[in-house]
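Visitor: Starting off with a structure, shown below.
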Amino acid sequence: MGMKINAQLPLPADLKAEYPLSDKIREIKEKRDREIRDIFTGKSDKFIVITGPCSADNEDSVCEYVNRLAALNEKVKDRLMIIPRIYTNKPRTTGEGYKGMLHQPEPDQEPDLLAGIIAIRKMHTRAISESGLTAADEMLYPENRSYLDDILSYEAVGARSVENQQHRLTASSMDIPVGMKNPTSGDFSVMLNSVMAAQNSHRFIYRGMDVTTDGNDLAHVILRGGVDKYGTCIPNYHYEDLMRLLSMYGEWNLKNPAAIIDANHSNSDKQYKEQIRIVSEVLHSRRYNPDLKQLIKGVMIESYLEEGCQKIDENRVYGKSITDPCLGWEDTERLILKIAEEC
């Protein structure tokens, strides 16, 4: 085989034993998980804001960002559920480029997956300990989530992974909400098929074991826009798109109908400042139609300490994205306060 074994990685149970969660962190997660579940099941009318950098590239800057969120959360926690976006795996369309902290704990150095697994667990743990906020991550590699499955309060399956069988079946094992993004084609049926698969029980091979899952009743959709065959972005956050989704949810026998609107990616054509306008339009649609207010549970925003993005070089700016461009902190703070007023 054309494959070289670089190292034998520790079992998730062994890594968790070496880097355990404190009782305080476990209590924080249990409480937040209950609150988030109540939102998705309709018991709570709080609005979810999943916000953070495109990719978590530095522990100090990510934790500073999350600590700022925690301070802001004190002003809005009666109306909002803020979930920090700490994405440690970065999907690459061509396979080239920075693949996230799991691969490269130091972005300008060679990949080191063992160091990366340790780094992301330590970063997530530190973020919770300092801020009291549990976070979201992306399930890019289904088998890798076992290193963080006791920490996360939300997971997303990306546009390029949502048709993958292993992602769908692994999602059926989770006891936290999992958001299925529409594929890059924008096809709603593919996305809803993924939700249906995740909500059902399955038997399959996972990490060398024969497993049976319970099904995840909190699996739901994330609208992130799509692209046509010419590569032109087609947004799907407009009122007509939301009504189409509402209608399709009514036709499918799915539990806890819910949607999160991703304000960046193909919805904004990666024009990151457009996220402010897009969120405002989503909030307007919810206010206009009570059924949409029940369906649209939150928004996802790409945001960091500094706005825009930068190259990976020796002149990197602290707290500025090294992948897709993000809103800066000032815009983010204003936007979250606005959401709290209008949701």
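Visitor: Could you work out the relative contact order of the range 39-197, using alpha carbon pairs under 8 angstrom and six or more residues apart, expressed as a whole percent?
Guide: RCO, the range 39-197: 17 percent.
Visitor: Would you work out the charge dipole size for the chain about its Cα centre, treating the Cβ of every Lys and Arg as +1 and the Cβ of every Asp and Glu as -1, and quote it to the nearest 20 debye? Walk me through the numbers on the way to the answer.
Guide: Details: 44 positive and 53 negative charges, 126 e Å.
In total the dipole reaches around 600 debye.
Visitor: In whole Å, what is the distance between the alpha-carbon centres of the range 182-240 and the range 6-55?
Guide: Between the Cα centre of the range 182-240 and that of the range 6-55, the gap is 21 Å.
Visitor: Take every Cα pair under 8 Å in the range 102-157 that's 6+ residues apart, average their separations, divide by the length, and report that relative contact order as a whole percent.
Guide: Dividing the mean separation by the residue count of the range 102-157 yields 26 percent.
Visitor: Tell me, what is the Rg over Rh of the range 195-343, with Rh the Kirkwood radius over Cα pairs?
Guide: For the range 195-343, the value is 1.05.
Visitor: Another question, then. Just subtract the alpha-carbon distance of E74 and T94 from 0.36 nm times their residue separation and send over the number in nm, one decimal.
Guide: Details: separation 20, 0.36 × 20 = 7.20 nm, distance 4.12 nm.
Working it through step by step, the gained length comes to 3.1 nm.
Visitor: Right, something else. Starting from the Cα-Cα distance between A7 and S22, subtract it from 0.36 nm times their residue separation and give me the gain in nm to one decimal.
Guide: This chain segment gains 2.5 nm when fully extended.
Visitor: What FRET efficiency do you get for Y230 and T41 if R0 is 30 Å and r is their Cβ-Cβ distance, rounded to the nearest 0.05? Please list the in-between numbers first.
Guide: Numbers: r = 41 Å, r/R0 = 1.36.
So the FRET efficiency works out to roughly 0.15.
Visitor: Please find, in a Gaussian network model of the chain (springs between Cα atoms separated by less than 10 Å), the residue of V282, V49, V317 whose mean-square fluctuation is greatest.
Guide: V317
Visitor: Here's something else I'd like to know. Restricting the count to DSSP beta bridges whose residues both fall in the chain, what percent are antiparallel, rounded to a multiple of 5? Display every interim value, and only then the final one.
Guide: Details: 7 of 37 bridges.
Taking every DSSP beta bridge within the chain, about 20 percent pair in antiparallel fashion.
Visitor: Sticking with this one: Counting pairwise Cα distances across the chain, what percent come out greater than 27 angstrom?
Guide: Of all Cα-Cα distances in the chain, 42 percent exceed 27 Å.
Visitor: Could you work out the helix-only [θ] at 222 nm for the chain, with each DSSP H run of four or more residues adding -39,500 (n - 2.57) and the total divided by the number of residues, to the nearest 500 deg cm²/dmol? List each step's numbers first, then the result.
Guide: Details: 10 runs with 129 residues, N = 343.
When only DSSP H runs of four or more count, the value is -12000 deg cm²/dmol.
Visitor: How much length would be gained if the chain were fully extended between D150 and N200, taking 0.36 nm per residue of separation minus their Cα-Cα distance, in nm to one decimal?
Guide: Gain on extension, D150 to N200, equals 15.8 nm.
Visitor: Same structure, new question: Tell me which of Q271, M123, A136 sits at the most positive position along the dipole axis of the chain, charges placed on C-beta atoms (Lys, Arg +1; Asp, Glu -1).
Guide: A136
Visitor: Could you tell me which of rounded, prolate or oblate describes the range 148-274, using a ≥ b ≥ c as the square roots of the eigenvalues of the alpha-carbon gyration tensor, with rounded for a/c under 1.5 and, failing that, prolate when a/b is larger than b/c and oblate otherwise?
Guide: Cα axes put the range 148-274 in the prolate bin.
Visitor: Within 15 Å, Cβ to Cβ, of A263, how many net charges do the neighbouring residues add up to if Lys/Arg are +1 and Asp/Glu are -1? Provide the component values of the computation, followed by the final result.
Guide: Working: positive: R85, K181, R224, K270, K273, R277, R286, K297, R334, K338; negative: D241, D262, D269, E274, E281, E302, E307, D324, D331, E342.
Cβ neighbours under 15 Å give a net charge of 0.
Values quoted throughout were computed directly from the atomic coordinates according to the rules given, and no laboratory measurement underlies them. Computed from a prediction, not measured in an experiment: that's the story for all the values here. All Cβ positions, glycine included, derive from the backbone under ideal geometry; neighbour counts span all protein chains shown.
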